[in-house]
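Read through the structure below, which is laid out as structure tokens, and then see the notes.
The values are calculated or read from the model by the stated rules, or taken from the named source; none is laboratory data. These numbers come from a predicted model, not from an experiment. Virtual Cβ from ideal backbone geometry, glycine too; neighbours counted across all protein chains shown. Note: areas computed on protein heavy atoms with side chains; ligands, DNA, RNA excluded. Shrake-Rupley method; radii C 1.70, N 1.55, O 1.52, S 1.80 Å.
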Amino acid sequence: MGSLVPPPTSDHFTSELCLFLSALSTTRGTEFDSLASQLVRLREALLEEAARETDESENDTSEDDRETVEETLSDSSTERETEEEISDCLVQENTRPTNESGYTRPTNGSSYTMTTNGSFVSSNNHRVMLSLQRGARWELEEKLVRQAFSHFGKVVRARLYEKPVSGAWGFLEFRTTQSAAEALNQVVRAGNCWLHTTLPHSCLTQLPVPHQILLESRYLPQVWEKEIVLRSFFSKFGVVSGVTMLGFGQQRMQRFIISFKDSSVAQELIGTTVKILTCTVLVKEVSTSTVGGMGERGGRMDGTAVSGGGDARRDR
């Protein structure tokens, strides 16, 4: 058998290995003494290769650490820029400008920023409330929810409930208030589920939410597809982005919040009466005056029950 010619390479270990195999192929019987020197060279080449790979691994680790530090610094810079942008939108206590819908910004000593849909929210709010619009709860996974909402910004915390609590199927907390504001009144698909985002009840103010209306009545549809009935009814006024059942108030009144894509639709409906199937209902605003400041687990922040009202009559 002819000798093997080592391939042209700068890899010392590969070269020595080829030379050793070439010599081994020409060795007869058990005469391996002549291979001792080549085995020594092969071992030295192997040790050199191991040492080189270790150095490269350490260098890669150092580069990764540097990249991580650079990303952290970049994120910090981005957060500072975001905070500066938000600070430009903050409202001081002695100013009372209005938005396009004509609402005066609150002047209770807190700072507020205007969202893309015209709502005023506290500048330190990082959360949005989730309501399930389509799909089954058992198909709702936290990983998919985080991925679906990541294009609004970094999600630092997600909390999902097995059953809705005061209309909430869960909450998302973003790293910046700007991300939370951009995620409001959005319909986002997470796997096979469609989620609508609203302002947490605890962040409501005395000013109405421009794109939402509140319905309260004992005679609203109580069938399992009641949300579908309400969505179908109000779709003739404009695009409905979300239907959320808050539960029952006093006197067993069903309470629903309807969200519209266009705020002007909600503004035109507030204060009017609508007839849904056999029930005539007064359309009310969504604010602390009607919904109340509710925490994550439901109920008002002061521990009292939310009053009913708005139940016009049932046509017989």
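Rounded, prolate or oblate: pick one for the stretch 193-278, where a ≥ b ≥ c are the square roots of the eigenvalues of its C-alpha gyration tensor, a/c under 1.5 means rounded, and failing that, prolate if a/b is larger than b/c, else oblate.
On the way: a/c = 1.30, a/b = 1.16, b/c = 1.12.
Judged from the Cα gyration tensor, the stretch 193-278 comes out rounded (a/c under 1.5).
For the pairs Lys143/Lys275; Lys163/Lys275; Lys143/Lys236; Lys154/Lys226, flag any whose C-alpha to C-alpha distance is greater than 32 Å. Could the numbers behind the result be given before it?
Values: Lys143/Lys275 41 Å; Lys163/Lys275 30 Å; Lys143/Lys236 35 Å; Lys154/Lys226 34 Å.
Among Lys143/Lys275; Lys163/Lys275; Lys143/Lys236; Lys154/Lys226, the Cα-Cα distance tops 32 Å for Lys143/Lys275; Lys143/Lys236; Lys154/Lys226.
May I ask you to derive the FRET efficiency for Leu46 and Trp194 from their Cβ-Cβ distance with R0 = 51 Å, giving the value to the nearest 0.05? Don't skip to the end; give the middle numbers.
Working: r = 58 Å, r/R0 = 1.15.
Computed FRET efficiency for Leu46 and Trp194 comes out at 0.30.
Mind grabbing the accessible area of Glu141 for me, 1.4 Å probe, Å², rounded to tens?
Per-residue accessible area (Glu141): approximately 100 Å².
Ordering Asp11, Asp33, Asp262 by accessible area with a probe of 1.4 Å, largest first, what comes out?
Per-residue accessible area, sorted high to low, gives Asp33, Asp262, Asp11.
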